[in-house]
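Provided herewith is a single structure, encoded as structure tokens, for subsequent inquiry.
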Amino acid sequence: MYSSPSQFDGNAAFSGGGFMPSQATQGTDPSLVTSKNRDAQSLLPLTVKQIHDALQSSDDKANLIIDGVDVNNVTLIGRVCNKAGRVTDVTFVLDDGTGKIECNKWFHEAADTNEAEAILDGMYARLHGHLKNFQGKRTLNIFHFRPVTDFNEVASHFIDCIHVHLHNSRIRSSVLNQQHVMNSTPITPAMGYQAQVVPPANDFSDQHVNGQKSAENMILDFLHLPANRSRNEGVHRDLIAQHLQISLEKLMLAIKSLIDEGAVYETIADHYKSIING
């Protein structure tokens with residue numbers, strides 16, 4: 001269904017060398033504090049072009065920075081090319097229309113082999129994985145992938161890429177502007193003024209309500225329990241709701257928020273797993 005490369009051309013759809021501004025034009029600011037906690041663990045939707053244009057972190061050459069955020073775990077969609085399967089792993093090249101990246105999936109159990117057999121050359125696939133940067137070469141170490149069965153998911157992924165890019169770019173611009181005000185405004189006892197950089201609201205930060213943990217955080221805590229981390233198929237939603245003693249409706253709203261954020265993904269029907277469990 002998706003074997004024809006003429007079905008989608010990212011460069012044609014988003015002309016001008018890809019729809020994201022080149023990371024090379026952004027420049028680096030050593031005083032810019034990048035998000036290194038949950039942002040680094042979030043599953044960021046990206047294009048291959050963004051990965052190739054990413055800047056290297058100044059304090060850790062293995063880390064990449066995109067729009068001022070340290071990037072580790074990402075999700076991509078593209079066409080599978082040059083697949084090569086072995087007993088221990090499978091490798092292939094992913095082409096999303098903006099560029100190509102080499103991908104690798106190691107087999108730890110029979111389910112991994114079955115998952116790989118469902119991906120064929122010419123298919124479009126959704127990948128969740130960890131970026132590797134070694135001697136300037138960027139590759140993707142996959143911890144979950146599946147075929148794309150609805151081509152609308154491809155368009156939706158690129159929209160997600162635009163949304164996250166604009167979100168993180170606005171945060172970065174806001175922090176830089178606040179730092180400029182702090183550095184350019186004289187602070188004297190007579191003024192009674194202290195400049196303070198107030199971090200902008202982050203859609204991907206932890207939320208607490210009235211000092212209590214939110215449903216999202218309780219779900220993550222439950223999924224991170226050792227017994228649940230070892231479940232390759234993830235945890236069924238009924239079990240999560242029963243343990244947390246919340247309604248299924250409230251649970252699914254929280255899970256949807258976590259999936260949109262990139263902190264949780266669905267493995268099989270109604271089973272969910274945290275990305276850091278992979």
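Just need the relative contact order of region 82-127 here, percent rounded to a whole number, with Cα pairs under 8 Å and 6+ apart.
With pairs under 8 Å counted, the relative contact order is 29 percent.
Working from the alpha-carbon coordinates of region 82-141, get Rg over Rh, Rh being the Kirkwood radius.
A ratio of 0.95.
Here is a further query. Is there a pair in Lys83/Lys256; Lys213/Lys256; Lys100/Lys273; Lys132/Lys273 whose C-alpha atoms are over 25 Å apart, and which pairs would that be?
Violating the 25 Å Cα-Cα cut-off are Lys83/Lys256; Lys100/Lys273.
Hey, another quick one. Please compute the length gained on full extension between Trp106 and Asn232, using 0.36 nm multiplied by the number of residues separating them and subtracting their Cα-Cα distance.
Full extension from Trp106 to Asn232 adds 43.9 nm.
Where a number appears in this text, it was derived from the coordinates with a stated rule and is not lab data. Since the structure is predicted, the reported quantities are computational estimates derived from the model, not experimental observations.
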